[in-house]
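All remarks here apply to the structure that follows.
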Amino acid sequence: MPKERKGRGVGERINPLQAKKEKATAAVRQSITFNKDFGQHILRNPMVVQSIVDKAAIKSSDVVMEIGPGTGNLTAKLLEKAKKVIAFEIDPRMVAELRKRFMGTPYFSKLEIVVGDCIKSDFPDFDVCVANMPYQISSPFVFKLLLHRKFRCAVLMFQKEFADRLVAKPGDKLYCRLSANTQLMSRVNHVLKVGRNNFKPPPKVDSSVVRIEPMNPTPKINFMEWDGLTRIVFTRKNKSLAAIFKSKSVLELLTKNYNIFCSLNNTPVPEDFDIKRTLDEIFQSNEMGETRSRTMSNDQLLKLLESFNSRGIHFSS
């Protein structure tokens, strides 16, 4: 394993060729036009970069997955700590910049660059995930990461409002399906605020860094069922559950799923089956008809799901 480079001491002579290379590389990075379609905002404050690495608590034996390395400011610090860094980058220009920046250094052999969209790619095996997330893929990435589960922690930077939604609690204005799903599968904490002026080009909003640790053991539920339920109840999170479940589209979906459930279990559908009556009976039993999802904890949502499933009402087909 290569040793870390030491900084230059006072009076130490600078290698002219190395200084020239560093100056040229920095000039190239300065001249890059960043692609807004990819949500490219390069983190340029070295103190913030170091804080993110510190929050990840990377071990020398860790494999780190980085999303959107850009010009490599964060990548450089990760390579100093980790056994290996696997960086997903969708922009070929940034890929070329990364290779140019680290080629010829002791860290180049520790860097694997995956060219492509991380949402459409299979995740590798890794211990820690670190990323300055493009806002366009924040939500699908979090859900994919939580379903992957085989990692110790993730330290991720998002737009501030998205980060606030991840950590929101029942009753908070920003509490939503994203909050419930994330907190069902993991412990999530806000660890750092990052102002917009720490980026080039500066985004329109501030950012926040969160740390996500998968729940261990994994909640023993059918996640497809859970996801189907939360999609319905958070569609109108300020309405009562009874009102939400009276909508025509929900009634049709649950009736269809009930018929499939009966078919798969070789059980005839009762001639007097009435989905509206069944839902009324469920809400009378669990006393949640007037509850609003914006106030519901995950324990309450799990209880709600169990009361539906026990009556053969399912949310995935």
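The values are calculated or read from the model by the stated rules, or taken from the named source; none is laboratory data. Note that the structure is predicted; figures quoted are calculated from it, not measured. Virtual Cβ from ideal backbone geometry, glycine too; neighbours counted across all protein chains shown. Side chains are part of the model used for accessible areas, which takes the heavy atoms of the whole protein and leaves out ligands, DNA and RNA. Shrake-Rupley method; radii C 1.70, N 1.55, O 1.52, S 1.80 Å.
When GLY9 is evaluated against the numbered criteria (1) at pLDDT 55 or above; (2) farther than 18 Å from LYS110 by Cβ, which criterion, by number, is the only one it fails?
The number of the failed condition is (1).
Quick one: what pairs do we get from region 220-245, first residue within 17 Å of ILE275 (Cα to Cα), second of a type in the set (Lys, Arg), C-beta under 6 Å, 6+ apart or different chains?
ILE244/ARG236
Could you list, ordered by first residue, the pairs with Cβ atoms under 8 Å in which the first is in region 174-200 and more than 18 Å from PRO46 (Cβ to Cβ) and β-branched (Val, Ile, Thr) and the second is open to solvent by 20 Å² or more (accessible area, probe 1.4 Å) and assigned to a strand (DSSP E or B), at least 6 apart or interchain?
So the pair list comes out as VAL188/ARG211; VAL188/GLU213.
Restricting attention to region 214-252, which residues are over 24 Å from THR182 (Cβ atoms), outside any loop (DSSP other than H, G, I, E, B) and open to solvent by 70 Å² or more (accessible area, probe 1.4 Å)?
LYS248, SER249, GLU252 - these are the residues of region 214-252 that are over 24 Å from THR182 (Cβ atoms), outside any loop (DSSP other than H, G, I, E, B) and open to solvent by 70 Å² or more (accessible area, probe 1.4 Å).
Considering only region 72-112, state which residues are open to solvent by 30 Å² or more (accessible area, probe 1.4 Å) and either of a type in the set (Phe, Trp, Tyr) or within 24 Å of the chain's Cα centre (by Cα) (or both).
If the condition is that a residue be open to solvent by 30 Å² or more (accessible area, probe 1.4 Å) and either of a type in the set (Phe, Trp, Tyr) or within 24 Å of the chain's Cα centre (by Cα) (or both), then ASN73, LYS77, LYS81, LYS83, LYS84, ILE90, PRO92, PHE108, GLU112 are the ones that fit.
Please work out which one of (1) in a loop (DSSP other than H, G, I, E, B); (2) without any contact (Cβ under 8 Å) to a residue 60 or more places away in the chain; (3) open to solvent by less than 70 Å² (accessible area, probe 1.4 Å) is the condition PRO268 fails and give its number.
Only one criterion is unmet by PRO268, namely (3).
Within region 142-190, count every residue that is over 11 Å from the mean Cα position of the chain (by Cα), open to solvent by 40 Å² or more (accessible area, probe 1.4 Å) and either hydrophobic (A, V, I, L, M, F, W, C) or over 27 Å from ILE86 (Cα atoms) (or both).
Number of matching residues: 10.
Restricting to region 268-317, give me the number of residues that are closer than 27 Å to LEU166 by Cβ and of a type in the set (Gly, Ala, Ser).
Qualifying residue count, region 268-317: 3.
Can you name the residue in region 191-204 that is open to solvent by less than 60 Å² (accessible area, probe 1.4 Å) and in contact with a Lys or Arg (Cβ under 6 Å, 6 or more places away or on another chain) and is also nearest to GLN50 (Cα to Cα) among such residues?
Filtering region 191-204 for residues that are open to solvent by less than 60 Å² (accessible area, probe 1.4 Å) and in contact with a Lys or Arg (Cβ under 6 Å, 6 or more places away or on another chain), the one nearest to GLN50 (Cα to Cα) comes out as VAL191.
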